[in-house]
Every structure is written in structure tokens, then in C-alpha cells.
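One structure is given here, and the rest of the page talks about it.
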Amino acid sequence: MEDLGLKIFGAILTTILGFTVGMTYGGIVRKLTARVQNRYGPPFYQNFLDLLKLQVKKTNIAHGFMGHMAPVWIIIAAVTVLLFIPILNGNLWFPNMSFHGDLIFLLYMMVFGSLGMALGAGQSGNPNSAIGVSRGLSQMVGFEIPFVLSLVALMIQYETTSVQELTQIQHETGVWNAISNPFAFLAALFASLGMFRYSPFDIVGAPAELASGPVSEFGGKYLGTMMSGGAIFAFIKLTLYVHLFLGGAGNPDNTGIIATLLGLGVLLIKTFTLYMVPVFYGWINPRYRTEQAIQYFWRWPTALGIIGVIWAVYS
Amino acid sequence: MNIFFLIILIFFSGAILSFIINRIAPKFSGITTFVTIAVVSFLFFTQVEINSITQFSLGGIQMQFGVNNYTYIFAILVLGLSLLASLFSIKYMQDNDRLGYFYSNFILSIAGMVGIIFSRDFISFFIFWEIMTWSSYLIVIYDGARSSRSGLKYMIFSAIGAYAMLTAIVSIKGSYGTFIISEAIENGAFNFTDHIYIPIMLLVGFAVKAALMPLHVWAPNAYSKSPMSFTAIFSGAMSKMGILGMGLVLASVYSHSTDENAFNVLILRQILGWLGGITAVMATIYALIQTDAKKLLAYSSVAQLGYIIVGLSTGTKLGVMAALFLAIIHAVFKGALFMVAGAVERQVGTTDMTKISGLIRKMPFTFFTALVSIIALAGIPPLGGFVGKWMLYEALITESNNYFLVIVIFFSSTAAFMYSYRFLFGLFLGQEEKEIEHVKEAPVTMIIPMVILALILIVTGVYPGILFEPIAQGMQYLGYSDVNWDMSVLVNVWGEESNMAYINLTIGVVFVVIFIFLTLKNLKGTRYVGTKDISTSGEIPTENENLTFQLDFFKPFQRAAAPLYKRSMDKIWNDLGNALEAIFDFTRRIYTGNGQTYALFVIIFLVILLIFKNTLFTN
Amino acid sequence: MTELIKEQHLLDSLTSAFKIKGRVIRDRRVEVFADKKMVSGILLFAKKQLGFIHLAHMTCIDWIDENKFELIYTIWSPIEKIHLFVKTKIERENPEMENIDSIWDQANTYEREIREMFGIQFPGLIGEQDFALEDWDEMPPMRKDFDTKKYALETYYQRPGREDAKDVRETISERSGTKVPDFAKKYSREK
Amino acid sequence: MINDKDSQKIVDYIQNFARKQSLFVMAYGTGCGAIEIPATMTSRYDAERFGIRGAATPRQADVLLITGYLATKTLKRVIRVYEQMQEPKYVIGFGSCTINGGMYFDSYNTINALEQYIPVDVYINGCMPRPESVISGFVKLQELIQQGKADNGKKYRENLEWYRTNQKKIIKNWKMPDYNW
């Protein structure tokens, strides 16, 4: 029973961590973007205020059952994926279920939320939402190809499909997968540009032309809940990348408080550095059209991914 | 009387009975069908013993009837789906005429499938195969002139398959001296060793039914043109007969082949696997440009069969298990989806997605079925579709070294999200238009089978072990020993697992928490509005204004993937057909009707004979 | 007048063909005054024979003293590079003018606007009655005898305290109890 | 222990603080004022440091910013956008035209006082108001929100009858959908 209690505590802790880190990162990016544009910018905790404000809106509107459920799908996907990836390698404080689900499961679970939200957006009946969904799904087919190629490369290189195992291997050998298979890493990095939907891949929710696309009919608590889900997802993607390619974080041999905090620090540094890649790329790029975005992913990133797979087979 | 004969007899008498009853009281024709199938199902699951064999001889040929663990999987699938489809059919077909024709063929095709399952020798196998083919052909052309072209296509390809199969069967008799399937397998008839064309011919025969590229072109039209209550079986169960045969052939190749890297095994794995993969991709990208929901589902069926064939082609334990699991799950969700399309067609009058939208409030149960089935189709956790997809990927990555096939399959299954969404959005979501205001939920007898199928999908997602047990036993028959299965844990050969229990628990808990939070939070301040109350820059949409975005839904994707759309198998076959026609036309010109020309031909023939006399008649 | 040869030539050809008056305004601007019934003939002639293929604009002026509406058709020849104004005056009572959207399709838009703003009817004009205004059932608002201020006073809420020709600065300074700065006084209307 | 009233005060304070610090603006760009909005939002004046941010649709917005004269035809759309917004919602009238008609005071098709048709929290005068005054208007609105005085959504709902009468006076052919409050 103690075990179960610890697990529940760990799950809640993980969720809070993912949520907080994701929201803060979003806020920092807003601040940094402002600085780059020579503005003062909002405070880094602005996203929390936005969220709180949305949650305390006095009236809310839903367009029916699927519209009501849309944020639910996102949160389900976000929290489930969060609990099935390792936060710190072998740490007792985050005793989640990373052994019980592997990369294929994570891949499919990660689209669960977007599809559910797309259904909710569809029920609102706003044509902008449907157009946004069409673009989003098309773009997803684009960036999933290099992403899966890089994952396949990793899986066959180390003969494991578990994120936990991959982290452990990197911990034991001391060589990051980003170095042992650089092509796969690059392919995944390119794919992450599309995943985070910063420019130039932000046509899905283009505010000026699509009225923010799929979320155009959501406000109040629905938009707020979606925002939290999105924040958790940002943290998930970053953590997943760190554990897959950048050596992970945490020391399985030492799970004391100080070591845990140290591990968290390492995780935060790595994730933040990684997060800067799509953000930097976004600052200097205008927007792609959907087909341009898809073709972008199907050219160099896919080629890099294929090289990565070949590299993995012959290394 | 022997139980097998009894079942076949009940089927045939049921077919005749429903034909006769239609003359007297057309209403009861459907009910007769349902009762017939129900009686057979009851008899089958209570009386038939697995691995019991009945021998008899017909015209001097030894024949065997029986059910083994492998065919038992398909028996569950066929009988279960047919039972629900016939129940669905009663109301769905109510207002049509020529019901006797439809129902007797309906029963006959099921009789054909059950017969195939019973057959343990090639002769009866072939006979029942033809019964199935012919009766399904007759149903495809049920609609008359509108569907005669698709019926013709179906018939031509079926004929190709049938001749290929017949050639193989005769060759087996000639080379190995037996018609009994198990004996042929033991003699190594399918092993690509001495008579390499035998398994190839058989595979061609089965591939036609399983809609494998390049023999799939009949499928989209035939699936979408026949009545939906039959298509549920046509796509759900009948295509699985092809899978049944392919499984037999491939399993005997892989499990009897001592060398894992033998040349023939690798060749087979590559060719069949890639054919399956390409089928999946091409069918998927064609599915997502369809505007007719039935056509979309038909293409999607072809794509899903592609996955199953890929799974079979790996020949590994996990791969075959994935294929069989996917076969059952596909039957369930595609049966459900075609029923959904049928229900929409009956209630609205069309399945054109550009004309329908916003049925969710009108047909909530149908929507529930569609949602669950689509989640299973897309392979999203936690439903059964995910379990099958998971095993398929793990098999390809861990066991078959066919890494790029993984990408092809993954591309196809990601693109499948697009048409999945399209289907749900096109029919059920979007603006509630005025034209469909009168639409009501389908009658209860149509709802029940759909909802049952949806519930099966949910249960198999949570406890995939329910299906693993018969599959594991069936695979032992195919020669795979020690098939491990657990109620809810999926394991690959590297030891990694996906634990459906944990996954479902997490999803369930989070769902409940968030759902309660979101619903109760500010309950008073939350109100539901219609789909006309949307932010349209302040403009008020009029009642007849259609705001739903339906036409060219995936135009950006089409532009991006334009090279893939350039080549269509249909076109290649048409070109081939035209070329053949030209050749035949030329051949026909030999017969001019002029006696002197014929005389000239005879003289030319004699001259040729004389010239080549020495080479032709050496001894 | 040497440099206005082509304008003069154009005017001559029109006046001689239709027996109408006209004048050259300046270079590249020619106007003719036609009778109501001759307008479509002139326009058609200009389009087919003289190369004025483009209807640049069409507008209306309310000459309330003369009790007439004046319609002005501005057409343009890309070859000659001349704007030709065809002007005609019609009665203000039950005004009606020939519909020319068979000559130029785009005339439809201008005619609908004139119909709405001046109440001139164009028989056979296709299009809804509402053009820019929605649900307007008063007198056409561009007519000179329509008192827009009176209408606005009657229809819309007037905020008290609004008086015309009053210096805002003084009002503000009165309200806030400060003085108007010296540099601002030179702009004041009350000298 | 704090009693109910005090805890409610604390909750209100926090809620109002969040509301005030995060204003999603639906800029209804009527008239000439729309051109001032980009200047306000971008580098030079940077309204985002006050938590002011553009919203694409009324569902997400808190503030409706009317930037200039309102033709009767536009008023119809503005009313609809306002009713689609979710409470608490605020309106800022921007420029003289929304206050008293401005230079269009005698026009036959522009309204003269916006608050007769939808409740207005803050007016920013000027023709046009510069970005500084726009930001000062927003700060004024933030003060009102913090004090809990900006509750015009409720006011509109309760006095719907009166507002409807005024609106219908202008919009003769009333074809707006009934709004289920």
C-alpha cells in the first residue's frame, strides 16, 4: 500500500512539475521574444496570470459534448504521456510507469490529444477551426516521418524500445545518443521545429488569417485547460528529447535529495537549451504554407533520418 | 447427422427459405436470415468440437471437414459479425425490393465462408470459395446498372484469383498426390523448394480477396456499391478469408523453414511485406481525398488489409499474432463503421460528406460507435486497434529487420489520422444544417449491433488477452510454439512491454478527474450554444448559409504529396486492358470471313511446317 | 491651343456626330453635355468607335436650385489617354435614367449606389435594394433636401455639453482649474 | 481563522489581480483608430508588458476595443461580438467618435454615444489618441478591475431591455439571433 501511495504522490508531483516548468518556459520565451524585438516584454509569470484569468472567467461557452470534452482529451494525453516517460533516470521521487509503456506507445499517445481537440474544434462548426485542423493534421504527417525515422534508428541501434533503457545506456556508456547517432538527432531536431509550432510552422493557428484556428471557439476554462495541457506537452517533448538524445538527467545510483535536485537542475538546463532551438528558428523565420512545411520535412530531415537508420544498422 | 453437414444444410435451406418467404411476406425475409445465422452460431459454438474431423468421399475424392484452432479464430469472426450484420440488415434493407435475392445471397456468402473454415481439403475449399465469390458478386450488382461496372471488375479479378488457385490445387495433386491441406503442408508443398509456382499461385488467389496491391482495384468500388449491411461482412469478414489462406501458406513456409535467413524466406518477406506496405500507403492517400464516406471506408479497408499482410509477411511470432489480432479488430471496427455509414445513408439518404454535417446531436449512438471505431482504426490507445498496431511495429522493428517498411507503415497510419478525422468531421461534426433538421436516430435494431461492436472494441482494448487466447492456440496449429500471452501486457522480444492495465488505469483516472473538474467548474456559468453561434467577425450567418468546410479538405496535403497521386493502379490496369483489347482486336482480324484468306493461312501454315520440319520433328 | 489637338479632335467628332455641346477642360480632359436620351448612344459610340473602353466612374450631383440631378459618366481611352465626361441633367421628380450595365458591367455597382443615395431609378437594374446602407427607409441621404443633422439629432443620442465652435482647451482648463498656457492662446478662436 | 467575508475578499483580490494583469484585447478596428493599435502593441510602446495581448476571436477576449466611429451597420456587428464575449468583459471606447460622434456628429449613419448601446468602461478621448493615451486608458481599466468596479457584463445582462430598446431604435430590421442568457 505504501508503494501505491508513493506512486500517487509521485504522479501528482510529476504533473505539477511538468505543468510549472512548461508554463514558465512559455513565459520566458515570451519575455525573450520581447527582448529580441526590443520590447520590455511581460513578466515571466505572465502565462500563469493568463491561465488564472481564463479559469476565473464567469461565463463559458461550449458547442456541445465534443466541444466540452476537447480539453479533457488534451489533459489525458498530456498527463498519461508524462507519467510514462522517465523524468529523472531511476529516481525514487518520480516512480512513474516508464517501464510499462515504450516509444511506440508514446508516439501514438502523443497524437491522442491533438486528435481529441480536433474533434472538439470540429463540433464548434467554425470553418476556421476545420481549416486549422486540416492544416495541423497535414503538417503532422510531415514532421512525424523524420521523427519516427530517428526513433527507429535509436531503437535498432540499441535494440530497445524503452525510453528508460535508452537513458540508462547513455548513462552507462557516458556517450550521448546525439553523438553516437548524430543524423538521427538532427532529424529529430528538425522534427521538433514542427512539433512546437513556432514560426515558420505556425500556420495551424495563424491568428491573423484563421482567427487562431482550432481554438477559435474556445474561451474561459476550456482555453485555460488547453493551455495547461499545451504547457505539459512542451515539457514532455523536451524531456523526451533529453532522455533520448542528450544523455538524460539524474543518477540512478544516488537518489538522495541533493542528487535529485542536481538532476532536476541538469534536466532544466538541457530542456531549456533544447527549447531554444525552435524558438530561435522561429524568431528569424516567416511563415510557411502547409505544403511548403510538409515538403520541408520530407526533404532534408527525412534524408537525415534515413542516413541515421543506415548508420544505426551498420554501427 | 454430422454437425458440419447439418450446418451447411441449415445454411442452404435458410437461403431457399428466405427467398420463398420474400414472395409471401417480404418483412420476414430479413428475420429468417437472422434466425438462420443465429441457429448456426448456436450450433457451432455448442456442438462443434475443435480438431474433430469428418471424412467422406465424393466422386472418389477424399474430403475432410473439421475445425482447428486456427480456423476457429476466423469462425468467431465470421459468425459473430454476420449475426450482427444480419440483425442490422433487417431495418436497413426494409424498404428495398428484391429482398429475397439479397438475403439468399447473403446467407450463401456466409455459408461459403463457414464452408471455407470447415474445409480441410482443397476441393471443398475451392467449391466454397467459389460459392462465396459468386454470391458476393451477385450482391455487388444488386443495385443494378449503377454497380454493374464495379461488379464486373470484381468478377474479373476474382476469376484471376480462382484460376490461379485452381492451377495450384491441381499441381499439388499432381506433385504431392493429395488434396488434404494438412498433408500438403507436411509434404512441403508451400515451401518454395521444388514447385515454386504452387505457393505463388495460391498467394495470388488469396491476395485478390485480401485486396493486396496490385490486385486491389476491385475493392473500393465493390465495397462502396454493395448495400452497407453486406459490406460490413464483405470488408470485415470476407477479406479475412484471403488472410486465412495466406496465413496457412506463409506459416508453413516460415515455420517449416529451418534456416531463418533462407533466400526464399527473405524474398517472400521483402516482396509481400513491401506490397502490403505500398497497398497501405496508396489506399490511405486515396482514402483521404474521398468525399463519399462509403468510398473513404472502402479505401481504408484496403489500407488496413495492407497492415495485416505486412504482419503476416514478417512470419515472426509477434508479427503473425499482430496480423491475426488486427484481422479480428479490423473486422469489428470496419463492420461497425460500415454499419454507421449504412445508418447515415438510411436516415439521411446520402453519405456524401460535402452534403451532410453536424449529425452528432441527431444520431448520438451512431456517433458513439463511429468515435470508438475510429479511435480503434487510428490505433490510438487504449482501444484494440492500438494493441494490434503496437505488435505490428514491434514485430517489424525487433524481429524482421525491415526498418524502412516501418516508416512506410507509419506514414500510412499517420495519414490515417487524417481520413479518420475527415470521416467523423464530415458526417457528425461541423455546422448543423437546415437540410438535415428532420434526421432522427436510426432504429433500435440498427443501433444494437453497432453499439455491441463498439463495446467489443473497448473491452478488447482493456483486455486484449481475451483475443490473445484463441490466437495463441491458433498459432500453435500454424507451428509457432510457446506463444506467450497475458491478459493485458504486451511484450516484444527485447522484453519491453506496454501494459494495457496501467495505461487504461492512468487514462481512466485522469479522465474522471479532469472531466469532473471541467464539468463542475463554473457549472452555472457554462452554457451550450448552437453551431450557428460562432465568431464570424460579427456577421450573422443566415439559416441557409453553409459554413462547413468540407470540399478539398486536405488540399494542402494533396499539393505536398502530388507525386504520389500521379500513378493510380486503376489506370495501369485500364491501360493494360486497353492494350489487350487492341491485341485481341488484331487477332480477330484474322477471321475475315473470306474463304480465300483461310486457304492462304492453311498454305502459310504448311509452308512453315515444311521449312521447320527438321527442327520440329527431330525423332 | 496647339497642344490640345487630339482633345479638340475628339470633341469635334462627338459634337458633329451627335449635335451636342461640349468643351475641352484642359489637356486630357474633355466634357460633353448631352440630353438624357442620347447618353447611352454617346457612350456606345465612344466605346465602339473612339476606343473609350473603360468606364472609370459614374456619379451624381444634386442641383437643388435648378431642381435637377446631374449624372456624370467618366470614361477613359487607354489609346488616346483622355478622360471624357459625359454629363446629363434629369428631373428631380421621379428621376429615372437609362440602365447602361449592358455596355459596362461595372456600371451596375455605380448605379446601385446612385439608386440608394439619390433615389434615381434605373429600370432593369439587377441587385438588392440595399447597397451600402442597411434597412434605410428615409429619404435617400445624399439628396440636398435631406437634413442629415436634423436626422442625426433625432435618431442618435446626443451627449449634453457638446457645443460647436468652442475651444476645447478652455473647457478643459475651466474644468481642471488651470490656466490656458500663453502659447496656446494664439490658436484660440475667441480673440 | 479568517471568516468567510475576509476569505472572499482575498479570493476576489487574487481573481481581480489576474484579470487586470491579463487583458486579451479584441480590437474591433473601425474607423481610423485601428492604425494606432499596431503602434501600441509593438516595440516602441509595448503594451504586452501590462499583460495586454491581442485575441483573435471574441470567445477568448476580455476587452472589446472600439477604435473610432461606428456606423449603424457596424454597430450591429459590434453588438454581436460583444454578446459573444465571455464575462467578465470590458469595453474601451477609443477616440472622440465613440464619445460624442466626433467629426461625424451630424452624420446620418454614425452613432454618437457608444454607451447607449453597449456599456463602456473606459473612454479614451482624442482624435486620434496617441499610444500613450491608449496605454493610460488601459491602466485606468486595470485600476477599475482591481477595485472590482468593472462589472459591465452583468450590467448589460440586467439592463438588457433598455439596451435592446436603444439598439432597436438604430437597427430597424432586427434580425439578431436571440441570445439565451
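P(r) tail, region B:484-612: Cα-Cα pairs separated by more than 20 Å, 81% of all pairs. Applying the Karplus relation 6.51 cos²θ - 1.76 cosθ + 1.60 with θ = phi - 60° to region C:6-12 yields 3J(HN,Hα) values of 5, 5, 4, 4, 4, 4, 4 Hz, where x marks Gly and Pro. Within a straight-line Cα-Cα reach of under 18 Å, B:LYS389 can be paired with the following lysines, leaving aside sequence neighbours fewer than 8 residues apart in one chain: B:LYS240, B:LYS317, B:LYS334. Report the local net charge at B:THR133: Lys and Arg +1, Asp and Glu -1, summed over other residues whose C-beta lies under 15 Å from its C-beta. Within the 15 Å Cβ shell, the charges total +2.
Charged neighbours of B:PHE367, selected by a Cβ distance under 12 Å, balance to +1 (K, R count +1; D, E count -1). Helical content of the protein assembly as shown, expressed as a calculated mean residue ellipticity at 222 nm, amounts to -19500 deg cm²/dmol (DSSP H runs of 4 or more residues, -39,500 (n - 2.57) each, divided by residue number, nearest 500). When all alpha-carbon pairs of chain A are counted, what percent fall beyond 23 Å? Result for the distance tail: 58 percent. The 3J(HN,Hα) values that the Karplus relation (6.51, -1.76, 1.60; θ = phi - 60°) gives for region B:223-234 are, in residue order, 5, 7, 8, 7, x, 4, 5, 7, 4, 3, 7, 4 Hz. Gly and Pro appear as x. Any aspartates and glutamates with Cα under 15 Å of the C:LYS6 Cα? List them, leaving off those in the same chain fewer than 8 positions away. Partners within reach: C:ASP27, C:GLU31, C:GLU80. Using only side-chain charges placed at the Cβ, +1 for Lys and Arg and -1 for Asp and Glu, the dipole size of region D:75-168 relative to its Cα centre rounds to 260 debye. Hydrodynamic analysis of chain D uses the Kirkwood radius over alpha carbon pairs. Inserted into Stokes-Einstein at 4 °C and 1.567 mPa s, it gives a translational diffusion coefficient of 76 µm²/s. How much of the pair distance distribution for chain B lies past 35 Å, counting alpha-carbon pairs only, in percent? Summing the P(r) tail past 35 Å for chain B gives 43 percent.
For D:VAL91, which sequence-distant residues (separation of 5 or more, or a different chain) have an amide H within less than 5 Å of its own amide H, given hydrogens modelled in the peptide plane? Residues meeting the amide H criterion: D:LEU64, D:ASP121, D:VAL122. The fraction of all Cα pairs in the protein assembly as shown landing in successive 10 Å bins from 0 to the largest distance is 2, 8, 14, 16, 16, 14, 11, 9, 6, 3, 1, 0, 0, 0, given as whole percents. Once you reduce region A:135-165 and region B:15-77 to the center of their Cα atoms, the two points are 47 Å from each other.
Separation of the alpha carbons by more than 19 angstrom is noted, of B:LYS355/D:LYS76; C:LYS19/C:LYS87; B:LYS27/B:LYS362; D:LYS89/D:LYS154, for B:LYS355/D:LYS76; B:LYS27/B:LYS362. The listed peptides C:107-116, C:170-179, B:174-183, ordered by packing as a protection proxy, come out as C:107-116, B:174-183, C:170-179 (highest mean of other Cβ atoms within 10 Å first). Here the protein assembly as shown is treated with +1 on each Lys and Arg Cβ and -1 on each Asp and Glu Cβ, and its dipole about the Cα centre works out to around 2160 debye. The per residue volume of the convex hull around the alpha-carbon atoms of chain C is 211 Å³. What is the sum of charges around C:SER77, taking Lys and Arg as +1, Asp and Glu as -1, for the other residues whose C-beta is under 13 Å from the C-beta of C:SER77? Value of the local net charge: +4.
The relative contact order of chain B comes to 13 percent, based on Cα pairs under 8 Å that sit 6 or more residues apart. Per-residue Cβ neighbour counts within 10 Å put C:THR148, B:THR542 in the sequence B:THR542, C:THR148, beginning with the fewest.
Here the 3J(HN,Hα) profile of region A:157-170, calculated from phi with Karplus coefficients 6.51, -1.76 and 1.60 at θ = phi - 60°, is 5, 10, 6, 8, 10, 9, 5, 4, 4, 4, 4, 4, 4, 5 Hz, Gly and Pro shown as x. When B:VAL462, B:VAL509, A:VAL204, B:VAL78 are sorted by how many other C-beta atoms sit within 10 angstrom of their C-beta, beginning with the fewest, the order is B:VAL509, B:VAL462, A:VAL204, B:VAL78. A DSSP coil position with no more than 16 other Cβ atoms inside 10 Å describes the following trypsin sites (Lys or Arg not before Pro) in region D:11-118: D:ARG44. Does anyone have the angle between helix B:444-462 and the longest principal axis of chain B? Alpha-carbon axes, 0 to 90°, nearest 10? In chain B, helix B:444-462 runs at an angle near 90 degrees to the longest axis.
Between the Cα long axis of helix B:148-176 and the first principal axis of chain B there is an angle of about 50°, rounded to the nearest 10. Taking a straight line from the alpha carbon of C:LYS179, these lysines sit under 25 Å away, with near neighbours fewer than eight places off in the same chain left out: C:LYS166, C:LYS191. Computed from Cα atoms, the angle from the helix B:317-348 axis to the main principal axis of chain B rounds to 60 degrees.
Each reported figure results from applying straightforward, stated rules to the coordinates on display, with no laboratory input. Since the structure is predicted, the reported quantities are computational estimates derived from the model, not experimental observations. Ideal geometry is used to build each Cβ from the backbone, glycine not excepted, and the neighbour counts take in all protein chains shown.
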